[in-house]
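Engineer: Sharing a structure here in C-alpha cells format.
The values are calculated or read from the model by the stated rules, or taken from the named source; none is laboratory data. Keep in mind it's a predicted model, so treat the numbers as computed, not measured. Here the Cβ is made from the backbone with ideal geometry for all residues, glycine too, and neighbour counts use every protein chain on show.
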Amino acid sequence: MSSCLKLFTIAVTYALLGCASVSAQTKAPSSDETAIRNIVEQVQDGWNAHDGKAFAARFSTDADYVVFNGMRAKGRGEIEKGHTAIFSTIYKDSRNVGTVQSVRFLRPDVAVVHVEWNLEFTMGGEVKKARAMNTMIMTKERGEWSIAAFQNTPIQEQRP
C-alpha cells in the first residue's frame, strides 16, 4: 500500500471515529435518564425551599445517606428529620445548585449518578460557599426511580 493511500485510510478512519463520537455525545437522554435528572432537580428544589419533607421525598424508605462529615442517616424519615433541623438553623437562608456530572446505568434498574453541588449560606453574617461531589445510587422499582444511597464529599480546592 502506498504511503499516500495509508495516510488517506488513516484520515478517513479518524474522521469516521470523530463523527461517531459526536453523534454519541449528542444522543438524546433516555426516559430513564430524564427521570433521574428530574429527581436531582426535585432534591435541589426541596433544599432551596428549605423543606425537609420535599428534600427527602425522592429517597427510598430505607435509603442510606452519608453526610459530608461522615455521619450516616438511615431511611427517608431520618433524612427528612435531619434536613428539617438544618433548614431551620445553619442552612435556613441557603441556596444549593446541583449539576449532574454523569449518569451510568449498571443495570436497567440501577444507576450511579454523580452530581456537583454548589452551596451558598450565611454564617456569622458572612456569605460562605462550599462545593461537594455527590454519588447517588438510584434504583427503579415498579417503574419509579428513587435514591437508595447518597454519599456527599466536599471538594477541596487544589493549591498550587
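Engineer: If I go through the range 139-156 residue by residue, how many of them are in contact (Cβ under 8 Å) with a residue 24 or more places away in the chain and more than 18 Å from T34 (Cα to Cα)?
Structural biologist: From the range 139-156, those in contact (Cβ under 8 Å) with a residue 24 or more places away in the chain are 139-141, 145-155; that's our starting set.
Now drop any that are not more than 18 Å from T34 (Cα to Cα), which leaves 149-155.
Selection size over the range 139-156: 7.
Engineer: For K53, work out the one condition from (1) within 13 Å of the chain's Cα centre (by Cα); (2) over 21 Å from P154 (Cβ atoms); (3) among the basic types (K, R) it doesn't fulfil.
Structural biologist: Every listed condition holds for K53 apart from (1).
Engineer: Which count do you get for residues in the range 118-138 that are in contact (Cβ under 8 Å) with a residue 40 or more places away in the chain and under 16 Å from N38 (Cα atoms)?
Structural biologist: Taking the range 118-138 and keeping what is in contact (Cβ under 8 Å) with a residue 40 or more places away in the chain, we get 132, 136, 138.
Applying the additional criterion that residues be under 16 Å from N38 (Cα atoms) yields 136, 138.
So the answer is 2.
Engineer: Determine which member of the set R72, R95, R58 is in contact with a helix residue (DSSP H, G or I) (Cβ under 8 Å, 6 or more places away or on another chain) and over 22 Å from E33 (Cβ atoms). Full working, then the answer.
Structural biologist: Numbers: R72 fails: in contact with a helix residue (DSSP H, G or I) (Cβ under 8 Å, 6 or more places away or on another chain); R58 fails: over 22 Å from E33 (Cβ atoms).
So the residue among R72, R95, R58 that is in contact with a helix residue (DSSP H, G or I) (Cβ under 8 Å, 6 or more places away or on another chain) and over 22 Å from E33 (Cβ atoms) is R95.
Engineer: So, in the range 128-160, of the ones that are more than 18 Å from the chain's Cα centre (by Cα) and surrounded by 10 or more Cβ atoms within 10 Å (Cβ to Cβ), which residue ends up farthest from N48 (Cα to Cα)?
Structural biologist: E141
Engineer: Okay, next question. Pick out the one residue from V66, V103, V115, V110 that is surrounded by 15 or more Cβ atoms within 10 Å (Cβ to Cβ), more than 15 Å from N38 (Cα to Cα) and in contact (Cβ under 8 Å) with a residue 12 or more places away in the chain. Lay out the reasoning, then the answer.
Structural biologist: On the way: V103 fails: more than 15 Å from N38 (Cα to Cα); V115 fails: more than 15 Å from N38 (Cα to Cα); V110 fails: surrounded by 15 or more Cβ atoms within 10 Å (Cβ to Cβ).
None of the others qualify; the one that does is V66.
Engineer: All but one of (1) over 14 Å from A149 (Cα atoms); (2) at pLDDT 95 or above; (3) not in a helix (DSSP H, G or I); (4) not charged (D, E, K, R) hold for W47; state the number of the condition that does not hold.
Structural biologist: (3)
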